[in-house]
Structures are given as structure tokens and as C-alpha cells.
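Read the figures in this text as sums done on the coordinates, not as results from a lab. Remember, predicted model here, so these are calculated numbers, not experimental data. Cβ placement follows ideal geometry from the backbone for every residue including glycine, while neighbour counts extend to all protein chains displayed.
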Protein chains: 2
Amino acid sequence: MSLTIGIVLFTDAEELDWAGPWEVFTMARTDGDRVVTIAETLDPVRCRKGLRVLPDHTFEDAPTLDVVLVPGGQGTRVQRTNGALLDFIRRVAPQCQWVTSVCTGSFVLEAAGPAAGKRVTTHWAAFDEFRSLAPGIELVENARYVRDGNLVTSAGVSAGIDMSLWLVGQLYSVEHARTTQMAMEYNPAPPYAALV
Amino acid sequence: MSLTIGIVLFTDAEELDWAGPWEVFTMARTDGDRVVTIAETLDPVRCRKGLRVLPDHTFEDAPTLDVVLVPGGQGTRVQRTNGALLDFIRRVAPQCQWVTSVCTGSFVLEAAGPAAGKRVTTHWAAFDEFRSLAPGIELVENARYVRDGNLVTSAGVSAGIDMSLWLVGQLYSVEHARTTQMAMEYNPAPPYAALV
């Protein structure tokens, strides 16, 4: 069994939202596994903080995916009405083992459909915005990531790292996730106490 | 006072080594501050796990820096003999408020000079390699990052996030670092216990 994990990129995607999961999945991959970036065209994607990245595939030539991940960022609001991106998600989601988002990527999964009837989360600062856009969906607060069936949505930005490690535990094994965590030396120690 | 933070890129730099700090510093920046990527040429840089990034500046046209950051990755071994990159670090380091590295980026700072006589750290899996390359330098184990004068070196990959948040506390204020941490929702929760 080899895995293909696709990370969707778009203008104003937040950098760490996708770069964290990218690091986790590429660190975890074994022979034959692929982690690819996918965007509407092969042009450089300008992310929210100005980083420019070259995607590996377009929505048309993307390989069959086992996992799709939609990052967040300010750009997710525009993507909620981008038919090309929404169509891509609608096309690949039914074939995926896991459909996932980081941060406000859940806004896109809501617009595309896979979040319908599911419990989800998003960035804490976007809770009210999410509720007003999708009043029928149950929003979970105070969770690093929420799994409902094969949909997994994470909280903001860095939470994508935790979610991706959890997914590595599901896709490979808990032992393999621990090895991955060690390889990326992820025993985090935020230097200043208390978020509040 | 406005700050300019430069992140050096090269072939086979490890993605999260620079993308973590990029997220922290761009989240923290206030009006006038800049965070830029700098490489030998403006060609796409192919990172260790295959991500291709377009750098903002070359070593020749880089702005004056307040902070320089050298990521790690397998490519650091080759960079230890890349005169163009070593010369750039030698030129900018004396003007920088902070000279920093993530993971095996310390291998490059050692080759370029700024680590001479300083206590440093690196990725845990590279301790022995570092000691054999630089027997005269004191290597600190079991630290997320080590500050010695204006040199700050972090442990592997994800440790660059913690180091960068610490630097935000120094460059701006502890309060600002807390706000940054909150904005990137960095209250990490690795899903599987114990690294050992």
C-alpha cells in the first residue's frame, strides 16, 4: 500500500497551515508514498505572508489522493466561491480515506460540501464568522482537531501539525507517528507562558 | 524602528526549519517590518522534501538585516563549502542584532565563522557529526535553543518555532510574543505521548 497526500494551495493560504502538515507527512512517508501540492494552475502561488511556492500539480493532473488537506488563511473566503477549487474537492473527497482542513480551511470544506452535517473546528478568531456563514454546522471550540467520520478539521495555523501527526498514527501506526515526531524534534516548548 | 529579518534558503534546506520561523516572524511583524527569503540566485529553491520556493532576494541585492536565520536540512553539508553563501553570512553577521540557525543550520554558522567560541545546539541526530566536524565548539544537548551573546541556535526542525517566538520576545516584547503565539494558535498538543 502506498499513500498519496494532496495539499491544496491557493492565493493567500497561510504558510504554516500547509507547511506544518507538509513537513509531518513528508517526514513520515515511506517508499512509494507521495506528498504533493495542488493548485488551480502551475503558476507560483502567493501565500498570505508573501511566500511564493510552485505547485506540483493542477486540479486537472493531480494524482488520485488518499488524503486531501485544505489549509486556511485569509484566502479561504474567496475560495468559497471558486468553482474550480470547489469542484476539485467535490470530485476527490469521495475517493479519499481522509478529508482534512487546517484553520479556516474548514470554511472551504463547508462551501464544497464535505463538512455538511459534521462537527468541525477552525481558528478561534474565526468562530463567529464560521457560525454566521454556516449556522447549521456544529462548531467545536477548545479542540486541537476534530474528527467526525473521515473528516478531520484542525484549529488555527500550528494546530495542523498536531492533526497531521494524529493522521500519521492512523495512516501508518502510532509507533510510526512517534518516530516522525522525534525526527522533526517535535517536543514543543513555547517560550512564554499562558495563551491568555 | 523597523526590522528586517532574512531567511537564507539553499538546495535541500528542510522545509519546516525555515517555514516555522517565517510564520512566527511574519505573524509578529508590525508596520515597516520585513521578512524576506534570500538565496544565491532568484531561481526556485528545491527544498529537502521537494517543495519549490521562489526567493525574494539574492545575496547581492538583499536588504540590510537585523536578524539572519540559517535553516538546517541535509543541504547544510554542501553549504559548508559554498563560498557565496559563507561570504554572505560573514558580510551580514557583524551588522545583525541576532545571528540564528535552526537544526543543522549551526553547521553552516560554524563553517562561516559566527559560531566560533560559542555554545551551540543542533538536531539531536546530528550531535556526533557536529562534534567530529567542530571538536572545539561546545555543543549543548537537551535544549530547545541556545543563546550565546547574539548567536541563537535551535534544536531540530520544529524547535525553530520556539526559538523564533523567543526572539520575538526580545525584538518586540514578551507581550507581543504572546499575541503572536495566540494568533498562530501555538498551544501545541502532540497527539502521541513521549518521544522515547
Checklist entry - In chain A, with Lys and Arg counted as +1 and Asp and Glu as -1 at Cβ, which of these residues, A:Pro135, A:Leu69, A:His176, has the Cα nearest the positive end of the dipole, that is, farthest along it? => result A:Pro135
Next on the checklist: Amide H of A:Val152 versus every other amide H placed in the peptide plane: which residues, excluding those fewer than 5 positions away on the same chain, fall under 5 Å?
Outcome noted: A:Val99, A:Thr100, A:Ser101
Checklist entry - Could you give the dipole magnitude of the range A:137-187 about its Cα centre, charging the beta-carbon of Lys and Arg +1 and that of Asp and Glu -1, in debye to the nearest 20? => result 100 debye
Checklist entry - Karplus couplings for the range B:66-76 from phi (6.51 cos²θ - 1.76 cosθ + 1.60, θ = phi - 60°), rounded to Hz, Gly and Pro as x? => result 8, 9, 10, 10, 10, x, x, x, 4, x, 5
Checklist entry - Just for the range B:1-68, what percent of DSSP beta bridges are antiparallel, to the closest 5? => result 20 percent
Item to check | Nonlocal amide H pairs with B:Thr37, under 5 Å, H built at 1.01 Å | outcome: B:Ile7, B:Asp56, B:His57
Item to check | Cut-off 12 Å between beta-carbons: net charge of the residues surrounding B:Leu42, Lys and Arg +1, Asp and Glu -1 | outcome: -4
Checklist outcome for this item: Per DSSP, the loop-located trypsin sites (Lys or Arg not before Pro) within the range B:79-165 having at most 13 other beta carbons within 10 Å are none
Next on the checklist: Per-residue Cβ counts within 10 Å, from other chains only, averaged over B:4-13: what number is that?
Outcome noted: 0
Next on the checklist: If you split all Cα-Cα distances of the protein assembly as shown into 20 Å bins from zero, what percentages do you get per bin, shortest first?
Outcome noted: 30, 58, 11, 0
Checklist entry - Could you work out the helix-only [θ] at 222 nm for chain B, with each DSSP H run of four or more residues adding -39,500 (n - 2.57) and the total divided by the number of residues, to the nearest 500 deg cm²/dmol? => result -9500 deg cm²/dmol
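Please report the antiparallel percentage of DSSP beta bridges with both residues in the protein assembly as shown, rounded to the nearest 5.
Counting DSSP beta bridges with both partners in the protein assembly as shown, the antiparallel share is about 30 percent.
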Item to check | Size of charge dipole - the protein assembly as shown - debye, nearest 20, with Cβ of Lys, Arg +1 and Asp, Glu -1, no other charges | outcome: 280 debye
Checklist outcome for this item: Any residue on another chain or 5+ positions along whose placed amide H is under 5 Å from the amide H of B:Val140 is listed here as B:Val120, B:Thr121
Checklist entry - Pick from A:Ala111, A:Ala126, A:Ala159: which residue has the top mean-square fluctuation in a GNM of chain A where Cα pairs under 10 Å get a spring? => result A:Ala126
Checklist outcome for this item: Taking Cα pairs closer than 8 Å and at least 6 residues apart, the relative contact order of the range A:1-106 in percent is 33 percent
Item to check | Percent RCO, i.e. relative contact order, over chain A, from Cα pairs under 8 Å lying at least 6 residues apart | outcome: 20 percent
Item to check | GluC sites (Glu not before Pro) lying in DSSP loop within the range A:1-91, provided at most 11 other Cβ fall within 10 Å | outcome: A:Glu60
Next on the checklist: Around A:Trp124, under 9 Å between beta carbons, what's the net of Lys plus Arg minus Asp minus Glu among the other residues?
Outcome noted: -2
Checklist entry - Can you name the helices of chain A, as whole DSSP H runs, whose Cα span along the helix axis is 15 Å or more and whose Kyte-Doolittle mean is not below -0.5? => result A:15-28, A:159-171
Checklist entry - In debye, nearest 20: dipole of chain B around its Cα centre with unit charges on the Cβ of K, R (+) and D, E (-)? => result 260 debye
Item to check | Antiparallel %, DSSP beta bridges [both residues in chain B], to 5 | outcome: 25 percent
